[in-house]
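Each reported figure results from applying straightforward, stated rules to the coordinates on display, with no laboratory input. Being a predicted model, the structure only gives us computed values, none of them experimental. Heads up, the Cβs are rebuilt from the backbone with ideal geometry, glycines too, and the neighbour counts pull from every protein chain shown.
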Amino acid sequence: MSDVSVDLKAIARKRALAQREVVHTRDRCHTGVASQLLATFLVPHYGKVIAGYMPIKSEIDPLAAMRTLSEHGPVAVPIVEAKAAPLRFDLWAPDTEMIPGAFGASVPKRSVPVVPDVLIVPLVAFNRAGHRLGYGGGFYDRTLAKLRAERDILAVGFAYSGQEMADFPTSRYDVPLNAIVTENEVFTL
């Protein structure tokens, strides 16, 4: 990726983060609806290992959906092990004792590594082509590329509808999602 693309992505990310803050303040009351849509969309994947995430900052909160999903099969959360490396995943349940982890996200105190079949992916912005704009560390792109080289993986973006952004740059390293769930809709790609 050229320096110009990196600069354009950084500008888009800054704009998208500011927009997500506004949307989170305005729309977080709709998180329950979004979580219900997410859990319903994932019914065909009950019994598979589904990785959610521990929300940070103004990310939409998937914990209600994760609690529902944990009643029907294993749920995991991502663990950042190193910069520029794919994520690792540990089993999670609603009663799991959590401790502070990288970037402010909680992680299980006791590590039980698993390989997910489904990833619920946080994002800064998304577009209708299934691309996501993340924080810029490339963790999910590396993780999806690695997992998809080994097996079929369903990657589902979870966001507020107000995070949709049509005009952010993408690169050949950006790994698209299979679906995106918001408080208004589920769309698949």
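Got a sec? How would S35, S58 order by Cβ neighbour count within 10 Å, fewest to most?
Working: S35 23, S58 19.
Final ranking by Cβ density, sparse to dense: S58, S35.
Over the residues of the stretch 3-188, compute the C-alpha Rg and express it relative to 2.2 N^0.38 Å. Spell out each step's value before the answer.
On the way: Rg = 15.4 Å, N = 186, 2.2 N^0.38 = 16.0 Å.
Compared with the compact-globule rule of thumb, the stretch 3-188 sits at 0.96.
Provide the net charge surrounding R148, with neighbours chosen by a C-beta distance below 12 Å and charges set as Lys +1, Arg +1, Asp -1, Glu -1.
Details: positive: R142, K146, R151; negative: D117, D141, E150, D152.
Cβ neighbours under 12 Å give a net charge of -1.
How far apart, in nm, are two points set 7 Å out from the Cα along the Cα-to-Cβ line at A84 and at E21?
If labels sit at A84 and E21, their model points lie 3.0 nm apart.
Let me check I've understood the local charge: for F139, count other residues with C-beta under 13 angstrom from its C-beta, Lys and Arg +1, Asp and Glu -1. What total comes out? Before the final figure, lay out each step's value.
Details: positive: K83, R88, R132, R142, K146; negative: E81, D141, D174.
Computed value for this residue: +2.
Between R26, R13, R132, where does the largest GNM mean-square fluctuation fall for the chain, given springs only between Cα atoms within less than 10 Å?
Comparing R26, R13, R132 in a Gaussian network model of the chain, the most mobile one is R26.
Residue by residue through the stretch 165-182, which ³J(HN,Hα) values in whole Hz follow from phi under the Karplus form 6.51 cos²θ - 1.76 cosθ + 1.60 (θ = phi - 60°), with glycine and proline marked x?
Those phi angles translate into 9, 7, 10, 9, x, 10, 10, 5, 7, 6, 9, x, 8, 8, 7, 9, 10, 10 Hz.
Between P122, P78, P169, which gets the highest mean-square fluctuation from a Gaussian network model of the chain, Cα cutoff 10 Å?
Between P122, P78, P169, it is P169 that shows the largest mean-square fluctuation.
Where is the GNM fluctuation largest for the chain (alpha-carbon springs, 10 angstrom cutoff): D152, D27, D174?
The residue that fluctuates most here is D152.
Mean separation of Cα pairs under 8 Å and 6+ residues apart, divided by the residue count of the chain: what relative contact order is that in percent? All intermediate terms of the calculation are to be shown ahead of the outcome.
On the way: 369 pairs, mean separation 46.1, N = 189.
In percent, rounded to a whole number, it is 24.
What are the ³J(HN,Hα) values, in whole Hz, obtained from phi via the Karplus relation 6.51 cos²θ - 1.76 cosθ + 1.60 with θ = phi - 60°, for each residue of the stretch 7-13 in sequence order, with x given for Gly and Pro?
Once rounded to whole Hz, the list reads 4, 5, 5, 5, 5, 4, 5.
Which ordering of E150, E71 is given by a fewest-first count of other beta-carbon atoms within 10 Å? Walk me through the intermediate numbers first.
Working: E150 8, E71 11.
Ascending number of Cβ neighbours within 10 Å: E150, E71.
Roughly how many debye, to the nearest 20, is the charge dipole of the stretch 3-188 about its Cα centre, given +1 on each Lys and Arg Cβ, -1 on each Asp and Glu Cβ, and no other charges? Walk me through the numbers before you get to the answer.
On the way: 21 positive and 20 negative charges, 69 e Å.
Around 340 debye, computed over the stretch 3-188.
Ranked by Cβ crowding within 10 angstrom, fewest neighbours first, how are K14, K146 ordered? Please list the in-between numbers first.
Values: K14 11, K146 14.
The fewest-first ordering by Cβ neighbours comes to K14, K146.
What number, in percent, do you get for the relative contact order of the stretch 54-102 if the mean sequence gap of Cα pairs under 8 Å and at least 6 apart is divided by its residue count?
Numbers: 44 pairs, mean separation 13.9, N = 49.
Computed over the stretch 54-102, the figure is 28 percent.
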